[in-house]
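Novice: The structure that follows is given in the form of structure tokens.
The values are calculated or read from the model by the stated rules, or taken from the named source; none is laboratory data. All of these numbers come straight from a predicted model, not from anything done at the bench. Positions of Cβ are generated from backbone atoms using ideal geometry, with glycine treated the same way; all protein chains shown enter the neighbour counts.
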Amino acid sequence: MGQTESLNQVTLSSGGTHGYRYDYRTRRVTRTESGQTTAIVYSGGLSVQEYVTNPATPTVEYQRGDGMGGAVGVCGCGV
């Protein structure tokens, strides 16, 4: 099995950093930007929700169509 490279960290010109973590299927499962970590929830291969981890507050919920192929709409939960 080949090795997959993923973006784990970005250093900004301002000196800050953004970090990213992935699961075994190479799906991004968390991102940390400006000290705030957001988790991404999947159903099968599709992302269905994002939430800030502390406190666990939903921020985005994806509304999918019948074919589950693409986002029909996005609910800005609590944004």
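Novice: Restricting attention to segment 22-39, which residues are of a type in the set (A, V, I, L, M) and within 15 Å of Gln9 (Cα to Cα)?
Specialist: If the condition is that a residue be of a type in the set (A, V, I, L, M) and within 15 Å of Gln9 (Cα to Cα), then Val29 is the only one that fits.
Novice: Turning to a different aspect of this structure: In the list Thr53, Thr32, Thr4, which residue meets the criterion of being at pLDDT below 90 and surrounded by 10 or more Cβ atoms within 10 Å (Cβ to Cβ)?
Specialist: The unique qualifying residue is Thr53.
Novice: Kindly state which strands (runs of 3 or more DSSP E) lie completely within segment 1-47 and contain at least 2 residues that are more than 16 Å from Pro58 (Cα to Cα).
Specialist: Answer list for segment 1-47: 9-11, 17-22, 28-33.
Novice: Something else about it: Just wondering, is there one or more residues in segment 61-70 that are surrounded by 12 or more Cβ atoms within 10 Å (Cβ to Cβ) and at pLDDT 70 or above?
Specialist: Taking every residue of segment 61-70 in turn, at least one turns out to be surrounded by 12 or more Cβ atoms within 10 Å (Cβ to Cβ) and at pLDDT 70 or above.
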